[in-house]
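Here's the structure, in C-alpha cells; my notes come after.
Throughout, read-outs are computed from the coordinates displayed, never taken from laboratory work. None of the values given here were measured: they were computed from a predicted structure. Using ideal geometry, Cβ is built from the backbone for each residue, glycine included, and neighbour counts are taken over all protein chains shown.
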Amino acid sequence: HADAAMYAAKRLGRNNYQFFDPDMTSHEERRVTLERRLRHAIEHAALRLAYQPKVSVETGQVTGVEALLRWEDDELGAVRPDEIIPLAEETGLILPIGEWVLRTACRYAQAWREETGQPLAMAVNISAVQLNHRHFVATVKEVLETTGLAPASLELELTESALVLNPDLALETLTELRALGIALSIDDFGTGYSNLAQLRRFPIDRLKIDRAFMSHAVTDRQDAAIVRAVVALARSLDLQVVAEGVENEDQLSLIRQLHSDEYQGYLCSQALSGEALKAFMQEYAKRSP
Ligand code: C2E
Ligand code: MG
Ligand code: MG
Ligand code: MG
C-alpha cells in the first residue's frame, strides 16, 4: 500500500511535491477509472455538447453561443469539464476530443444557419495542447470546409497560458486563424499571469473576464476594481469585453455601468442541449422587445 501511495504521489506530484497521503491512492484510482471510461465514451460517441448563449449588454439580444463539453457516464454519472479536460490533456485524449468538439459545434452552427436562414456565432474552447499542436490550423480549415461553416461564424476561446507556452508558435498560429476570418478571444481573463506586453502581440478580438471576479464584483470593491481595470484595458487595446458568470441583475447593471459589451451567465441561461437551445431562442425572441 505504501508503495502504491508513493507511486501515486510521484505521478501526481510531477511539478510539486506531494507528501504521503492515504487519499492519494483513491485519487489515482479515480484517475485510472476516468481515463478508462473516457476512452470508452470516445469510442461509443457518448460525449455531448451544450450551448450557452452570449448576450449583448446593450440590446439584450443573443449574439451567439459557447459550446461546452458534457459527459454523462453510465458508471461515473455526470463528469464536469474541469475534471475531464486536465485528464484529457495529460493523456493526449484532448486531441480527438477537441477535434470532435470543433466538428460537432461547427456542424451544429451550420445546420442552424440552413434551418433558420440566420447565422449562429459559435465559440469553441481550445486547449493549450491543441493550439500548440502543429496540425491545428489544418484541422480547423478542414473542419470548416467539411461542415461548410463560414469562418466568420467561428470564434476560438484560448487561455493566456496557451499563448505564453510557446509565444512565437502561438503568434504564427493566431495570425493564420485570424487571416481565415475566425474570431479569437482570451478566456478566463484575469486568472493567469497575464503579461500585457505579451498579450498585445497577439491578434485578439475579445477578452472574457473570468467568472471568479463577477461572483463578488457587486459586493467586493477589489473585484469590482479588477473588472473595471480589465474593461478599461480592453478598451484601450480595442478589444471587446465579455463578462462570464453573470447571475443576477446587480451584476448586469454593474457591467452595464462599466460598458462591457456582452455577458454570459445563468441570468440569461445555462448551457443547453442543441434541441433546448432552439426552443429557448424562439421563446427569447418573443420575450425581448
Ligand atoms: P469556460 O470556458 O470559462 O466556460 C464557462 C463555464 O462557466 C462553464 O462551465 C459554464 O457552464 C459556467 N457558467 C456559465 N455561466 C455561469 C453562471 O452564471 N454561474 C456559474 N456558476 N457558472 C456559469 P463548464 O461547462 O463546467 O466548463 C468549465 C470549463 O471547462 C470551461 O470554462 C472551459 O475552460 C472548460 N471546457 C468546457 N468545455 C470544453 C471543451 O470543449 N474544450 C476545452 N478545451 N475546454 C472546455
Ligand atoms: Mg470558454
Ligand atoms: Mg471562460
Ligand atoms: Mg471560466
Original post:
So what are the ³J(HN,Hα) numbers for the stretch 140-157, from phi and the Karplus equation (6.51, -1.76, 1.60; θ = phi - 60°), rounded to whole Hz, Gly and Pro as x?
Top reply: 4, 4, 4, 5, 5, 5, 5, 7, x, 6, 5, x, 5, 8, 10, 10, 10, 9
Original post:
How high is the FRET efficiency between Leu171 and Glu90 when r is their beta carbon distance and R₀ equals 25 Å, given to the nearest 0.05?
Top reply: 0.45
Subject >> Label-point separation, Ala45 to Leu76 (7 Å along Cα→Cβ), nm >> reply: 2.2
Subject >> Rel. contact order, % - alpha carbon contacts under 8 angstrom, at least six apart, the stretch 156-289 >> reply: 18
**OP:** Would you kindly state how much longer the chain becomes between Arg107 and Gln270 on full extension, computed as 0.36 nm times their sequence separation minus their alpha carbon distance, in nm to one decimal?
**Re:** 56.6 nm
**OP:** Could you please report the charge total around Phe202, scoring K, R as +1 and D, E as -1 over all other residues with beta-carbon less than 14 angstrom from its beta-carbon?
**Re:** -4
Original post:
If R0 is 41 Å, what FRET efficiency do you get for Glu283 and Thr219 from their C-beta distance, rounded to 0.05?
Top reply: 0.85
**OP:** In whole angstrom, note down how far apart the Cα centers of the stretch 228-289 and the stretch 31-46 are.
**Re:** 34
Original post:
In percent, what relative contact order does the chain have, based on Cα pairs under 8 Å that are 6 or more apart in sequence?
Top reply: 16
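Tally Lys/Arg at +1 and Asp/Glu at -1 over every other residue whose Cβ is under 11 Å from the Cβ of Val55; what's the total?
Summing Lys and Arg as +1 and Asp and Glu as -1 gives -2.
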**OP:** Can you pull the one-decimal nm distance between simple spin-label points at Ala212 and Glu247, each 7 Å off the Cα toward Cβ?
**Re:** 1.6
Subject >> Separation of the Ser56 and His135 label points, Cα + 7 Å toward Cβ, nm >> reply: 4.0
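For Ser161 and Thr25 in one chain, what is 0.36 nm times their gap in residues minus the Cα-Cα distance, to one decimal in nm?
My answer for the length gained is 46.0 nm.
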Original post:
Counting Lys +1, Arg +1, Asp -1, Glu -1, what net charge surrounds Gln264 among other residues with beta carbon under 9 Å of its beta carbon?
Top reply: 0
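Find the relative contact order for the stretch 34-148 and round it to a whole percent, using C-alpha pairs within less than 8 Å whose residues are 6+ positions apart.
24
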Original post:
For Asp73, which sequence-distant residues (separation of 5 or more, or a different chain) have an amide H within less than 5 Å of its own amide H, given hydrogens modelled in the peptide plane?
Top reply: Ala78, Val79
**OP:** Determine the gain in length on full extension of the stretch Gln198-Asp238; use 0.36 nm per residue of separation and subtract their C-alpha separation, reporting nm with one decimal.
**Re:** 12.8 nm
Original post:
Among 31-39, 169-177, 151-159, 112-120, how do they line up from the highest to the lowest mean number of other beta-carbon atoms within 10 Å?
Top reply: 151-159, 169-177, 31-39, 112-120
